[in-house]
Structure formats: C-alpha cells, structure tokens
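What follows is a short report on a single structure.
Just so it is clear, none of the values below were taken in a lab; they were calculated from the coordinates. All of these numbers come straight from a predicted model, not from anything done at the bench. Cβ coordinates were reconstructed from backbone atoms using ideal geometry, including for glycine residues, and neighbour counts include every protein chain displayed.
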Amino acid sequence: MSEAESNVRREPMDLAKAQVPVGRVHIISERCKQCNFCINYCPTKVLEYSPETNAKGYHFPLVAAGKETSCVHCRFCDLICPELAIFTTEMTDEDKAEFGIDGS
Amino acid sequence: MSATEQIIHPAATVHPIDNLLRADRFPHILCPGCGIGTVIHGYAHAIAASGLSEDRHVCVSGIGCSGRAAGYVNVDSYHSTHGRALPFALGIAVHKPELNVTVISGDGDLTAIGGNHLIHAARRNVNLNVICINNFNYGMTGGQVGPTTPVGAKGSTAPRGAVEQPFNLPYLAKATGAAFVARWTVLHVREFQDAVLRAMNKNGFSFIEVLAPCPTSFGRANNIGDGLHEVEIYRERCVIENGAQNLEELDIDLIDASKPITVGNFVDIDRKPFIE
Ligand code: SF4
Ligand code: SF4
Ligand code: SF4
C-alpha cells in the first residue's frame, strides 16, 4: 500500500447499518479459578474481579460498574475459559428493557 | 441491588456446552491457569459443530494431566495406560469406522512414552484426530523435561536447562505421513476449534499440536509466573502461517523471546487411508 493510500481511512460500507450485538454475561462463580484470561482478553474490558471469593477462595469475574451494556457478545471470555465458568448470551428485548437500552 | 449484581442474576449454574461434558465433576482437577481445560472446552464445541450425534464420538487419552480429558467429556471415552492412547484408539477406528475417534493427550504421553505409536499411526494414515497438548514438560509428575522441552528451559531433571534438541511436532507428523497437521495455542480458540472440526471431517490421520500453559510445573521453573503470562508470550510471538512449507524450520523456542512461534493449519493432503 502506498503512503497516500494508507492515509485514507477506510470504513466498512455498511457502517451506518451495522448493529453491534449486546451481550449479557453469565458467570458460574463456583467454577472459577481466577486465571484472569477472561478479564484480560475482553476487548471492551467489561469484566473485573469480584471483591468476594467463591467457596474455593478464588475471586471470580463480575461485570464492572458502568459496563453493563458494553459486552459485544464476542464470546472470547467463554471460549478461553478453562473452567467453563463464564458465557454470554445476546441480550433479548426483555434484557435490553432491563438495562434501559433502546431495542430498536 | 447494584447493576453489577443484576447482570449476573439469576446466577448461572449451567454452561451451554455442559451437556457434552461431565459437568458434575467440575470444578475439574487442573490447576488455575492451566490450558488443558480450554482444550477440552474447544473439543466440546467441535463435537457440537460436527453435526454428528454424541454417540458417534469417542475420546481416548493416555496418562498425565492432559490424559484427564477422557474423564471430563460426556461421550464414550477411555483413559488408557501410559503412551497407549493411540493403539487403543486405532483398535476402535478399525473395528468401528463409523465412529469419530479423537485422542487427547499430552506431549509426554504421545511423543515420548507413546512416540512409536504416533509415527506408525501416522504412517498408516489411520482415521484418528490427535490433539496433542504441548506444555513442554511432564506437568503431573513434577516438571521433568521431556522431548518437547526447549533447549535452555529448566525442569526438575534439568536445573541448569535442557540441553537436548526437542521435537518439532508438526514436522514430525508431516514427515511420518499425517494427512492433516496444525499447530495452535489455547489463545487461538476459534482457529483451534476449526482445526479440530477439519480433523473430524478428514478421513485420515490428523495431528493438532496445541500449546498450553502449565504454570505449576513448567512455568514455575522458567519464571513464567502464571498461565496468563505464558498466554501473553503466545500473543506477542505467534505468527499465523497457514500452509507453511518450511516446517523443519518452525521449531518452538519458548525461551528465546526474539524467535517467532509459527502457528497455522500446515498440511491438508489426501492420502490413502488405512481403512477405505
Ligand atoms: S463476550 Fe466478549 S465483550 Fe462480552 S464479556 Fe466476553 S470477552 Fe467481553
Ligand atoms: S477465564 Fe474462567 S476461570 Fe479464568 S478468571 Fe475467567 S471465569 Fe475464572
Ligand atoms: S501440573 Fe501443569 S499441566 Fe498439570 S494441571 Fe497443573 S498446570 Fe496443568
């Protein structure tokens, strides 16, 4: 790519129409072993450790305050979790209503 | 109730893929930050994506931490003796060719104790999917060096660093006749699942090396503080090169930070399978 070309910002043609999914995070806290994979690799930094621990003494991920609607349902936290302790679902209309997101 | 509490309520107790796993045995025995759980997780997703019912899948493993895999999947499985996962799996694949047989085991079990079985199963092109979890040492027994330990890496039997040249597993698999060969890491979750699915659909010997952290044994001996630290090494140094031809040059040197770690789906050829 020439220098001139690389200065042109390229945008997806359907950017205006593209819908970013909103995910809802589910955590099976008793399975977590605090490996940090999900928290570290979440692209939108949705997760943080819980102040409390589970029965085995591990801090588990929670949705950070203010990030309730930031999950993009990429599922990376789910797929990399060695303990199958976290997964996400795409927010339903009821979920969206609960979190005050415009469902349209 | 705070918003944070709200979002996880009702707290989940079941993961969507739990039906393919022995979830009643969770939390599993593996250490925090160990990559083996991620591999088992990926295998379960590949089963779900395969379109075959669970009773068409079989999982065989050998001995070691990775050998625990057979005990955590909810398909017919067998936990064989040390190094003998492949001959046991070969028996199943030959007797019941309609089954999709996957071997999940560690680098020590598959390439040292069972090394001879590996090269001959590949040579015969038996229809098996081999997932070799490579954590560069014998984790379960305390971090002894094995045939995959990088030169210079420390282990309980090499306190000053390993001096022997390790195996380059994709090169070995290709040279001995495998029809599908890949190398990924536990960070490459989607690519790994895709490779397992391709292996399941391949009539022939498939070999997937997957790098996984063993923070308890290998990590501790080599100043790799935890599982995340090793996964960060993968993230910084992995280069994807699907179809790479120069496998003989693609050794992994986990210790030398200047060397890239090449991953990818390297080989996908059609060769006469053992059973047609
Ligand atoms: S699905 Fe993706 S965006 Fe949502 S919490 Fe998990 S890693 Fe973060
Ligand atoms: S990836 Fe899984 S085990 Fe690791 S911290 Fe997240 S939920 Fe816990
Ligand atoms: S010893 Fe190593 S390979 Fe075994 S469970 Fe622990 S971290 Fe995993």
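Overview of results
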quantity	calculated
Complete set of residues in the stretch A:81-97 that are in contact with a helix residue (DSSP H, G or I) (Cβ under 7 Å, 6 or more places away or on another chain) and among the charged types (D, E, K, R)	A:GLU83
Members of the stretch A:74-98 found to be of a type in the set (A, V, I, L, M, F, W, C) and in a strand (DSSP E or B), listed by number	A:ILE86, A:PHE87
Answer from B:ILE63, B:ILE29, B:ILE36 - the residue that is within 16 Å of ligand 3 (Cβ to nearest atom), surrounded by fewer than 16 Cβ atoms within 10 Å (Cβ to Cβ) and in contact (Cβ under 8 Å) with a residue 12 or more places away in the chain	B:ILE29
Residue within the stretch A:54-66 that is more than 10 Å from ligand 2 (Cβ to nearest atom), surrounded by fewer than 21 Cβ atoms within 10 Å (Cβ to Cβ) and within 24 Å of B:GLU230 (Cβ to Cβ) present	yes
Scan of the stretch A:25-49 for residues that are more than 10 Å from ligand 2 (Cβ to nearest atom) and surrounded by fewer than 20 Cβ atoms within 10 Å (Cβ to Cβ), ordered by number	A:GLU30, A:PRO43, A:THR44, A:LYS45, A:GLU48
Any chance B:ALA70 is away from ligand 2 (no atom under 16 Å from the Cβ), within 12 Å of chain A (Cβ to nearest Cβ), assigned to a helix (DSSP H, G or I) and not charged (D, E, K, R)	no
Criterion (surrounded by fewer than 24 Cβ atoms within 10 Å (Cβ to Cβ) and in a strand (DSSP E or B)) met by exactly one of B:VAL239, B:VAL181	B:VAL239
Residue selected from the stretch B:208-225 under the condition part of a helix (DSSP H, G or I) and more than 14 Å from chain A (Cβ to nearest Cβ), by the criterion nearest to ligand 3 (Cβ to nearest atom)	B:SER217
Top-ranked residue in the stretch A:25-42 [being more than 14 Å from ligand 1 (Cβ to nearest atom) and part of a helix (DSSP H, G or I); ranked as nearest to B:ARG25 (Cα to Cα)]	A:ARG31
Selection from the stretch B:243-273 of residues that are under 20 Å from B:ALA121 (Cβ atoms) and touching a strand residue (DSSP E or B) at 6+ places or on another chain (Cβ under 9 Å)	B:LEU247, B:ASN265, B:PHE266, B:VAL267, B:ASP268, B:ILE269
Subset tally (residues that are within 16 Å of ligand 1 (Cβ to nearest atom), farther than 17 Å from B:ALA12 by Cβ and in contact with a strand residue (DSSP E or B) (Cβ under 9 Å, 6 or more places away or on another chain)) for the stretch A:43-68	5
